[in-house]
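Below is one structure, written out as structure tokens; the observations come after it.
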Amino acid sequence: MTLTEFRARTVEAFGDLRADHLVRSHHLAEFDGRTAGEAIDAGASVKQVWLALCAEFEVPDSLR
């Protein structure tokens, strides 16, 4: 998954404003409390970060 695809999927799942906010401020348990943006910047797989967001926010399979 590319970063562009990640951004598109977060907007689709959460809406434009909420997606940006979540990526910058929601701390993911799976990534030791890092935000999605911090985890990606630290080298985490974009797909794994996306799946962690999906799990924490119960994103339907149809949007994954």
Here, Asp41 and Arg18, labelled 7 Å along Cα→Cβ, have an inter-label distance in nm of 2.5
Here the gain from full extension of Asp32 to Gln48, 0.36 nm per residue of separation minus their alpha-carbon distance, amounts to 4.4 nm
To the nearest 10 degrees, the tilt of helix 46-57 (Cα long axis) against the first principal axis of the alpha carbons of the chain is 70
Residue by residue through segment 30-37, the couplings from Karplus 6.51 cos²θ - 1.76 cosθ + 1.60 with θ = phi - 60°, in Hz, x for Gly and Pro, are 4, 10, 6, x, 6, 6, 4, x
For the chain, the dipole about the Cα centre with charges only on Cβ (Lys and Arg +1, Asp and Glu -1), to the nearest 20 debye, works out at 100
Longest principal axis of the chain (C-alpha) makes with the long axis of helix 16-25 (C-alpha) an angle, in degrees to the nearest 10, of 20
Residues meeting the amide H criterion for Thr35 (H placed from the backbone, H to H distance under 5 Å, 5 or more places apart or on another chain) are Leu28
Of the accessible area of the chain, computed with a 1.4 Å probe and all protein chains kept, carbon and sulfur make up a percent value of 49
Rounded to whole Å², per residue accessible area for the chain with a 1.4 Å probe reads 62
Only helices counted: for the chain, with every DSSP H run of 4 or more residues adding -39500 (n - 2.57) and the sum spread over all residues, [θ] at 222 nm is -18500 deg cm²/dmol
Candidate cut points under GluC sites (Glu not before Pro) in segment 24-64, DSSP loop plus at most 10 other Cβ atoms within 10 Å of their own Cβ, are Glu58
Between (i) 11.4; (ii) 12.2; (iii) 13.7, the structure-derived Kirkwood radius over Cα pairs in Å is (i)
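The values are calculated or read from the model by the stated rules, or taken from the named source; none is laboratory data. In this text, all values refer to a predicted model and were calculated from it rather than measured experimentally. Cβ coordinates were reconstructed from backbone atoms using ideal geometry, including for glycine residues, and neighbour counts include every protein chain displayed. Accessible surface is based on the protein model in full, side chains and every heavy atom, while ligands, DNA and RNA are left aside. Shrake-Rupley method; radii C 1.70, N 1.55, O 1.52, S 1.80 Å.
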